[in-house]
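Take a look at the structure below.
The values are calculated or read from the model by the stated rules, or taken from the named source; none is laboratory data. As the structure is a computational prediction, the values presented were derived from the model and not from experiment. Positions of Cβ are generated from backbone atoms using ideal geometry, with glycine treated the same way; all protein chains shown enter the neighbour counts. The accessibility values were calculated without ligands, DNA or RNA, using every heavy atom of the protein model including side chains. Shrake-Rupley method; radii C 1.70, N 1.55, O 1.52, S 1.80 Å.
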Amino acid sequence: MNAVAPPVRLPRLDVTGRLAFHRVLLSEWTKLRSVRSTKWSLAAAFLFTIGVPAIAAAVVSHHWPSASPHDRADFHPLDVSFVGVQIAQLAIGVLGVLVITAEYSTGMIRASMTAVPRRLPVLWGKAVVFGLTTLVLMIPAVVIAFLVSQSILSGRHIDIAFTHAGVPRAVFGAALYLTVIGLFGLGLGAIVRNTAGGIATFAGLMFVLPPLMNVLPASWNSAASPYLPLQAGEALLALNRGNQLAPWTGFGVLCAYAAASLAIAAVLLVRRDV
């Protein structure tokens, strides 16, 4: 983050002398919305999720009359609606890393841990606030993306209805997918505690590792690839499985990655100095 966040209200003890978790949540919400990079990243994710599918649908619709039989056979209208998700996941994941590493780079983490000596509520508060914020923003984004792109494709009668089997699961699953991707980035950032290192780790696991699997024997690659974070999570967005896990199984695997990163971060947070 380029700018230092303005002063925020740190959590206080309640009348019983205990730390109230809702005050931790309020503190984390104040910090999240006070930093410009949060607004830019979430705005970019929102706009990419909607805008890119609209452009892709317009291009497909324009070229559809001249498309080859092979291209028409391989085309699936739902894929167009999720083109923006492939880009938005980078913005959401990077923001997840920044949510925690920015406090380490500015030294704000010391004030946070002084106000919350038990430490773990800070991590859980960040996860809850960031996760809910992402989910609330991405649900309308993916729904709008679907409606807009399918409306454009309907001009060529190549659209798919929302009531089609599996479509509601895929549409709302895209919002869940982006939310968990953000939490995965948050966990990695909390482990590494460095912005560049956290982003590099996130990008490596999500986007660099899958192509590297091609160096393995075909049978090993086919068996292992569906369990990578990217492929596992995207199973929730697909109507045709191919070489993928079942939709909710794949999403469960992605959730396991995010939970593992947060669990490791929690252990290190307790054991390491701030």
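From the list F172, F207, F202, F184, the lone residue that is among the aromatic types (F, W, Y) and in contact with a Pro (Cβ under 9 Å, 6 or more places away or on another chain) is F184.
Of the residues making up the range 141-164, those that are within 12 Å of A57 (Cα to Cα), part of a helix (DSSP H, G or I) and aliphatic (A, V, I, L, M) number 5.
One residue alone among V267, V208 is open to solvent by 30 Å² or more (accessible area, probe 1.4 Å), assigned to a helix (DSSP H, G or I), within 30 Å of R110 (Cβ to Cβ) and out of contact with any helix residue (DSSP H, G or I) (no Cβ under 6 Å at 6 or more places or on another chain), and that residue is V267. Pairs linking a residue in the range 238-256 that is free of Cβ contacts under 8 Å to residues at least 24 places away in the same chain to a residue that is loosely packed, with under 14 Cβ neighbours inside 10 Å, with Cβ atoms under 9 Å and 6 or more positions apart or on different chains, are N243/S222. A single entry from V60, V80 fulfils the requirement of being of a type in the set (V, I, T), open to solvent by less than 20 Å² (accessible area, probe 1.4 Å), modelled with pLDDT of 95 or more and in a helix (DSSP H, G or I): V80. Identify, please: which residue in the range 1-52 is modelled with pLDDT under 80 and not in a loop (DSSP other than H, G, I, E, B) and is, among those, farthest from A175 (Cα to Cα)? Checked the range 1-52; the qualifying residue farthest from A175 (Cα to Cα) is L13. Out of the range 101-121, which residues are open to solvent by less than 10 Å² (accessible area, probe 1.4 Å) and either touching a Gly at 6+ places or on another chain (Cβ under 7 Å) or over 22 Å from T201 (Cα atoms) (or both)? Those that are open to solvent by less than 10 Å² (accessible area, probe 1.4 Å) and either touching a Gly at 6+ places or on another chain (Cβ under 7 Å) or over 22 Å from T201 (Cα atoms) (or both): T101, S112, V116.
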